[in-house]
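Contents: one structure, followed by commentary.
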Amino acid sequence: MKSPTTTPMKLLLALDDGPGARRAVDEAIRIAREKGATLDALFVIDATWDVFTGHDWLSGCNSRIGFLEYMQGLEEKAAAESARAFLERRGDVPGELLTAPGDVVDVIREHAARGYDLLVVSSPFTRGLEVMRDAVARLTRDAPCDVLLVRAAPE
Amino acid sequence: MEDKGLFGKILAIVPGLAVMIGTLYVLRVYVEPWMKDAVVFGSKGWLVQVLSLNYILLSILTGMFYRNILFGGKIPTWAEEGFRTTRLFIKTGVIMLGSLYTFDKLLKVGGVAIALIVAFVFGTALFVLWLGKRLGADRSVTATMAAACGVCGVSAAVATAPGVRAKPVDLALSIATILGFGIMTMFVSPFIGKMLSLSDYQFGAWVGTGILNSGQVLATCLAFNPNFAPGTAVAYGEIWNVVRVLCIPFVVFFITAWYWKGEADAEHVSLGSILASKFPIFVLGFIGMTALSSLHIIGAEGSETLHLMRDVMAWVFGIGLVGLGAYIDVREIKAAGGTPLRIGLIAGVSKYVIAMIIILAFIPKEGAF
């Protein structure tokens, strides 16, 4: 991590809607306050449902379009809820709230490579279809910056 | 999103499509003939005869290898558009399959197929609705699994999801369960069929009734017997499959109505609106092709035209099945779990076994054509 005496530290928080989401937000805010850092929060709208349902070759076009629109609606709703929860707790910590569509891990990695010092992610990371995949392993493999994994609070 | 224009879109398809075509070419021209000659356990052609490793299963396995090993779990961007044509190939193949029948032949087995399919589709759906309640499953999970286990896997889950407000996680787990079960049955069924000396008629009827996903019904029938002709496993299996596909809108209506009955803010769902949005239009192509065949427009059995058409069909399906394999992500299937997995396994195994018992008891070895 960079020293706060040089350029201000930049943190990226990958938002998710899993069991560890709240702790990851709190941890990112705590670090940002301690280090006087900027904190950007990123919510990726999972756009891989079309590929995931590739085995669906029987549905009519209308049926598939209806399904993908339905999933898009749910993703947007999740984005709005995560954003609201983040903004409620962020207080005076500077930073932006970002939303981008795509493959969740790819988009987070792309953003993390844009000069961030630390990426904060909850573990397990359960955004969209990443619930089925090993998102944390993919994010930490050749990570473009330091990564902090925040476990879900014990039950 | 960047608009590539028509030429750009066609160009984007080329790399992935070239991989699929090249793969099938190598498998059909070099690998399968080698396997037919290879001596394993002292028996020539054991790999093909016992394990059914013909070009159909090899296509799927190679597609799975590409996705999970070579591509590291994700179809790369350069190949994405090409692999996306998979659905088009399989649908085209199914439409061409219509040429294997004439209406009088369809009538001979149609009654049995309709009776069995309707009984199994609605029987399974009702069983899952009951099972879901017993297991304390969420109503939307139960509804999605009822459609997926009752009709044809992923397509039915996709068609039902919006109407029953399926949650993304549950839906993902349901689809993973259906695919996992289907892949297992796809590799095991030809072996069981040969062990029990099932005829093509019996095998097609069993697989068409018992396997959850339509793509896998097709692949399993072709793994059992890779020939395209009247009276082969794929010819019988596809009749069952088409009847099942036609059930999709009715099952979606039935399950959606069941779901909304228990919800306070129920919306009106009409069968007409569901038929309009969920009807699988490509089935009309299949029926159209059967009409051409019935009118002897395509050519008589044994004609050059039909011979060529069946050869094309084998390539069309083979290419599509390489793509089908490439859509199978082992990580996603391994992640299947929770209530959808329990429901899927109980319903799937019951359907598979009961279908086998009924076929052995009531379906004769000799097919109707």
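The values are calculated or read from the model by the stated rules, or taken from the named source; none is laboratory data. Source: prediction; values computed, not measured. Virtual Cβ from ideal backbone geometry, glycine too; neighbours counted across all protein chains shown. When the accessible area is computed, the model is the full protein with side chains, heavy atoms only, and any ligands, DNA or RNA have been set aside. Shrake-Rupley method; radii C 1.70, N 1.55, O 1.52, S 1.80 Å.
A few points about this structure:
- Residue list for region B:169-192, restricted to those being open to solvent by less than 20 Å² (accessible area, probe 1.4 Å), over 14 Å from B:Leu212 (Cα atoms) and in contact (Cβ under 8 Å) with a residue 40 or more places away in the chain: B:Ala172, B:Pro190
- Residue check for B:Ile95: among the β-branched types (Val, Ile, Thr) and either open to solvent by 70 Å² or more (accessible area, probe 1.4 Å) or touching a Lys or Arg at 6+ places or on another chain (Cβ under 9 Å) (or both): no
- The single condition among (1) open to solvent by 10 Å² or more (accessible area, probe 1.4 Å); (2) at negative phi that B:Gly338 does not satisfy is (2).
- Those helices (runs of 4 or more DSSP H) of region B:16-106 in which at least 3 residues are within 12 Å of B:Ile319 (Cα to Cα), considering only elements entirely within it, cover B:55-65, B:86-97.
- Test result for B:Ile333, open to solvent by 10 Å² or more (accessible area, probe 1.4 Å), within 14 Å of chain A (Cβ to nearest Cβ) and under 30 Å from B:Gly82 (Cα atoms): yes
- Scope region A:19-63; condition within 17 Å of the chain's Cα centre (by Cα), in a loop (DSSP other than H, G, I, E, B) and closer than 30 Å to B:Val252 by Cβ; matching residues: A:Ala47, A:Thr48
- Members of region A:72-91 found to be away from chain B (no Cβ under 14 Å) and in contact with a strand residue (DSSP E or B) (Cβ under 6 Å, 6 or more places away or on another chain), listed by number: A:Ala83, A:Phe86
- Tally, over region A:78-124, of residues that are among the hydroxyl-bearing types (Ser, Thr, Tyr) and over 23 Å from A:Pro19 (Cα atoms): 1
- Some residue of region A:101-108 being in contact with a helix residue (DSSP H, G or I) (Cβ under 7 Å, 6 or more places away or on another chain) and not hydrophobic (A, V, I, L, M, F, W, C): no
- The number of residues in region B:252-265 being open to solvent by 60 Å² or more (accessible area, probe 1.4 Å) and modelled with pLDDT under 90 comes to 3.
- Residues of region B:311-321 that are free of Cβ contacts under 8 Å to residues at least 40 places away in the same chain and open to solvent by less than 70 Å² (accessible area, probe 1.4 Å): none at all.
- Test: A:Arg127 is under 17 Å from A:Asp16 (Cβ atoms), touching a helix residue (DSSP H, G or I) at 6+ places or on another chain (Cβ under 6 Å) and among the basic types (Lys, Arg): yes
- Flag if A:Glu69 is within 11 Å of chain B (Cβ to nearest Cβ), of a type outside the set (Gly, Ala, Ser) and open to solvent by 60 Å² or more (accessible area, probe 1.4 Å): yes
- Pick from region B:193-227, criterion of a type outside the set (A, V, I, L, M) and not in a helix (DSSP H, G or I), ranking: surrounded by the fewest Cβ atoms within 10 Å (Cβ to Cβ): B:Ser197
- Residue that is nearest to the other protein chains (Cβ to nearest Cβ), among those in region B:228-246 that are in a helix (DSSP H, G or I) and among the aliphatic types (A, V, I, L, M): B:Val245
- Some residue of region A:92-112 being among the charged types (D, E, K, R), at pLDDT 95 or above and surrounded by 14 or more Cβ atoms within 10 Å (Cβ to Cβ): yes
- When the strands (runs of 3 or more DSSP E) confined to region A:92-155 are screened for residues that are within 14 Å of another protein chain (Cβ to nearest Cβ), in contact (Cβ under 8 Å) with a residue 40 or more places away in the chain and not polar (S, T, N, Q), those reaching at least 2 such residues are found at A:97-102.
- Candidates B:Leu324, B:Leu284, filtered to the one that is within 11 Å of chain A (Cβ to nearest Cβ), surrounded by fewer than 16 Cβ atoms within 10 Å (Cβ to Cβ) and not hydroxyl-bearing (Ser, Thr, Tyr): B:Leu284
Every residue, every condition in (1) more than 14 Å from every other protein chain (Cβ to nearest Cβ); (2) in contact with a helix residue (DSSP H, G or I) (Cβ under 6 Å, 6 or more places away or on another chain); (3) assigned to a loop (DSSP other than H, G, I, E, B), yes or no:
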position	(1), (2), (3)
B:Val118	yes, no, no
B:Phe122	yes, no, no
B:Ser140	no, yes, no
B:Ser155	no, no, no
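- Criterion: in contact with a Ser or Thr (Cβ under 6 Å, 6 or more places away or on another chain) and closer than 25 Å to B:Gly180 by Cα - qualifying residue of A:Leu58, A:Leu68: A:Leu58
- Yes/no for B:Val128 being within 14 Å of chain A (Cβ to nearest Cβ), at negative phi and at pLDDT 90 or above: no
- Annotation note: of B:Leu308, B:Leu275, the sole residue that is out of contact with any helix residue (DSSP H, G or I) (no Cβ under 9 Å at 6 or more places or on another chain), open to solvent by 20 Å² or more (accessible area, probe 1.4 Å) and part of a helix (DSSP H, G or I) is B:Leu308.
Conditions (1) surrounded by fewer than 22 Cβ atoms within 10 Å (Cβ to Cβ); (2) modelled with pLDDT of 90 or more, marked per residue:
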| site | (1), (2) |
| --- | --- |
| A:Thr5 | yes, no |
| A:Gly18 | yes, no |
| A:Ala24 | no, yes |
| A:Ala41 | no, yes |
| A:Ile45 | yes, yes |
| A:Thr48 | yes, yes |
